[in-house]
1. Select from segment 48-67 the residues that are open to solvent by 30 Å² or more (accessible area, probe 1.4 Å), in a loop (DSSP other than H, G, I, E, B) and more than 8 Å from ligand 1 (Cβ to nearest atom) and list them in ascending order.
2. Hey, does segment 2-23 have a residue that's over 15 Å from the mean Cα position of the chain (by Cα), crowded, with 21+ Cβ neighbours inside 10 Å and over 22 Å from Gly231 (Cα atoms)?
3. What single numbered condition from (1) away from ligand 2 (no atom under 12 Å from the Cβ); (2) under 14 Å from the mean Cα position of the chain (by Cα) fails to hold for Val67?
4. What's the number of the condition Ala122 fails, among (1) among the small types (Gly, Ala, Ser); (2) surrounded by 21 or more Cβ atoms within 10 Å (Cβ to Cβ); (3) more than 16 Å from ligand 1 (Cβ to nearest atom)?
5. Hey, could you check segment 205-252 for residues that are within 20 Å of Gly195 (Cβ to Cβ), open to solvent by 10 Å² or more (accessible area, probe 1.4 Å) and part of a helix (DSSP H, G or I) and say which is modelled with the highest pLDDT?
6. Among the residues of segment 28-41, is any surrounded by 19 or more Cβ atoms within 10 Å (Cβ to Cβ), within 16 Å of ligand 2 (Cβ to nearest atom), touching a residue at least 24 places away in the same chain (Cβ under 8 Å) and of a type in the set (S, T, N, Q)?
7. Could you go through segment 142-150 and let me know if any residue there is under 20 Å from Ala43 (Cα atoms), of a type in the set (A, V, I, L, M) and open to solvent by less than 60 Å² (accessible area, probe 1.4 Å).
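The values are calculated or read from the model by the stated rules, or taken from the named source; none is laboratory data. Only a predicted model underlies this, so the values are computations on that prediction, with no experimental measurement involved. Backbone-built Cβ (ideal geometry, glycine too); neighbour counts: all protein chains shown. For the accessible areas, the whole protein counts, side chains as well, though only heavy atoms, and no ligand, DNA or RNA atoms are used. Shrake-Rupley method; radii C 1.70, N 1.55, O 1.52, S 1.80 Å.
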Amino acid sequence: MREREEVSVLEIRDLHVTVGEGDDTKEILRGVDLTVRSGETHAIMGPNGSGKSTLAYSIAGHPKYTVTGGTVTLDGEDVLAMTVDERARAGLFLAMQYPVEVPGVSVSNFLRTAATAIKGEAPKLRTWVKDVKSEMDLLEMDPAFAERNVNEGFSGGEKKRHEILQMRLLKPAIAILDETDSGLDVDALRIVSEGVNRTREEGEIGVLLITHYTRILRYIKPDFVHVFVAGKVVEEGGAELADKLENEGYAAYVKDSNEAAAAEVARA
Ligand SMILES: Nc1ncnc2c1ncn2[C@@H]1O[C@H](COP(=O)(O)OP(=O)(O)OP(=O)(O)O)[C@@H](O)[C@H]1O
Ligand SMILES: [Mg+2]
């Protein structure tokens, strides 16, 4: 594994992504521009179906999504040319909105295998067991959880804690968290947020937080907020933009975006 840069930069330039095949092909991302540096926290907010999860999956290399234009680089290296495993080794981490079950694989084995794949060598068993235990304590997770199969029958809150546990142990350069706050009760929201904040305080992690609610942004203060509508970033601002969105919704942005699309069609 190459040495990780002290400061990592994830750069997304004019990213276009489609889903489906043949006549069913649909362009979801329509020119996304976004830069996330380590040490920064970015929130992406936008209406349902605007393509936020598509952006996360495309960066992670999900095979359902076809990149038709633009670039994604991490420290100048072409992320789109990397396999999914290479992306993880390069320091990218994705916590999905709907994580998959991994039957027959315990949380503890899953985490150790992932850490081994990312670091290029197996973590020392004694320190590893201690690390897992202390991280689970901090996330207020029952130790028995380590022996459960990954995501099998996990409650919504357990899935999200498990994601943060992964992030804590795998120590990525850039973490993309897709609706980590959905389905969390107030205590779990605080615990999960504290997990993210611990990581921010300890090291130079860059966080891309996709969310619908400003609630989580009270705990995890974003440096930048991006409004995402119809497959691209349409406005950027600081933390105060999230409050504006909460009060006013996305209607004005959606209207502008529809008008721009209509004008484009008229021109064509
Ligand atoms: N595999 C797929 N096949 C067909 N359409 C898809 C596929 N994946 C995504 N889409 C469509 O792309 C659009 C964007 O979906 P996406 O999940 O990225 O939105 P989102 O912004 O994350 O929404 P939400 O806020 O509801 O999570 C939606 O219209 C969705 O139906
Ligand atoms: Mg989504």
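1. Within segment 48-67, His62, Pro63 qualify.
2. Looking through segment 2-23, at least one residue is over 15 Å from the mean Cα position of the chain (by Cα), crowded, with 21+ Cβ neighbours inside 10 Å and over 22 Å from Gly231 (Cα atoms).
3. (2)
4. Condition (2) is where Ala122 drops out.
5. Tyr219
6. Checking segment 28-41: not a single residue is surrounded by 19 or more Cβ atoms within 10 Å (Cβ to Cβ), within 16 Å of ligand 2 (Cβ to nearest atom), touching a residue at least 24 places away in the same chain (Cβ under 8 Å) and of a type in the set (S, T, N, Q).
7. No, segment 142-150 contains no residue that is under 20 Å from Ala43 (Cα atoms), of a type in the set (A, V, I, L, M) and open to solvent by less than 60 Å² (accessible area, probe 1.4 Å).
For (1) closer than 18 Å to Val207 by Cα; (2) within 16 Å of ligand 2 (Cβ to nearest atom), each residue gets a yes or a no:
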{"site": "Met45", "(1), (2)": "yes, yes"}
{"site": "Leu74", "(1), (2)": "yes, no"}
{"site": "Met82", "(1), (2)": "no, no"}
{"site": "Leu92", "(1), (2)": "yes, no"}
{"site": "Pro99", "(1), (2)": "no, yes"}
{"site": "Pro103", "(1), (2)": "no, no"}
{"site": "Asn109", "(1), (2)": "no, no"}
{"site": "Thr116", "(1), (2)": "no, no"}
{"site": "Gly120", "(1), (2)": "no, no"}
